[in-house]
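I have placed the structure first, in the form of structure tokens, so that the comments after it can refer back to it.
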Amino acid sequence: MKDTLRPGLTHQHQFTVPDNKTVPYLYPESEMFREMPAVLATGFMVGLLEWACIELIRPHLDWPAEQSLGTDVDFSHLAATPPGLTVTVDAKLESVEGRKLVFSVQAHDGIDTISTGKHERVIIDRARFLSKLALKQP
């Protein structure tokens, strides 16, 4: 990681919600999910919040040799967002503890705050991670 990776960095990320990021698409194998309202799925929202954090730190890593993986999520999901609305995510790097990164995040859909919370990621050496992962393959 570069010495520019420091607490206080911020990033704003925007994403317009398409139909295929709504609850019925989360697990199409589940009839229950397919019957639910077509609003941004919490699972996809979590990925969107992670995406904003990755975008925040990417310029400060030796990408793609260094990457990061999520290790903890603590987000609310406060309001429903239908397809077509643009979600704006504001992410802030709160702390750097060795390879562990802690972020605060907030998301808004132009009408409501839809999420607030914290996220933790760990910086990985991609090649080393993949070689360890290969040992787990059946």
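The values are calculated or read from the model by the stated rules, or taken from the named source; none is laboratory data. These figures come from a predicted structure and were not determined experimentally. Glycine gets a Cβ as well: all are built from the backbone with ideal geometry, and neighbour counts include every protein chain shown.
Below are the figures for this structure:
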item: Per-region count, region 1-38, residues surrounded by 19 or more Cβ atoms within 10 Å (Cβ to Cβ), in contact (Cβ under 8 Å) with a residue 40 or more places away in the chain and of a type in the set (A, V, I, L, M); result: 1
item: So His60, is it at pLDDT 95 or above, closer than 16 Å to His119 by Cα and either exposed (fewer than 15 other Cβ atoms within 10 Å of the Cβ) or not small (Gly, Ala, Ser) (or both); result: no
item: Residue within region 47-57 that is part of a strand (DSSP E or B), of a type in the set (Val, Ile, Thr) and at pLDDT 95 or above present; result: no
item: Subset of region 46-68 [over 16 Å from Leu9 (Cβ atoms), more than 10 Å from the chain's Cα centre (by Cα) and not charged (D, E, K, R)]; result: Pro64, Ala65, Gln67
item: Residues satisfying the stated conditions in region 73-89, i.e. assigned to a strand (DSSP E or B) and either free of Cβ contacts under 8 Å to residues at least 24 places away in the same chain or in contact with a helix residue (DSSP H, G or I) (Cβ under 8 Å, 6 or more places away or on another chain) (or both); result: Val73, Phe75, Val87, Val89
item: Residue selected from region 102-129 under the condition assigned to a helix (DSSP H, G or I) and either among the charged types (D, E, K, R) or in contact with a strand residue (DSSP E or B) (Cβ under 9 Å, 6 or more places away or on another chain) (or both), by the criterion nearest to Leu61 (Cα to Cα); result: Arg126
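Each row is one residue, and each column tells you yes or no for (1) β-branched (Val, Ile, Thr); (2) closer than 30 Å to Asp3 by Cβ; (3) buried (at least 17 other Cβ atoms within 10 Å of the Cβ).
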{"site": "Pro64", "(1), (2), (3)": "no, yes, no"}
{"site": "Gln67", "(1), (2), (3)": "no, yes, yes"}
{"site": "Thr86", "(1), (2), (3)": "yes, no, no"}
{"site": "Ile123", "(1), (2), (3)": "yes, yes, yes"}
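Table: residues versus (1) farther than 20 Å from Pro83 by Cα; (2) touching a His at 6+ places or on another chain (Cβ under 7 Å); (3) among the aliphatic types (A, V, I, L, M).
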| position | (1), (2), (3) |
| --- | --- |
| Thr16 | no, no, no |
| Val23 | no, no, yes |
| Ala41 | no, no, yes |
| Val46 | no, no, yes |
| Glu50 | no, yes, no |
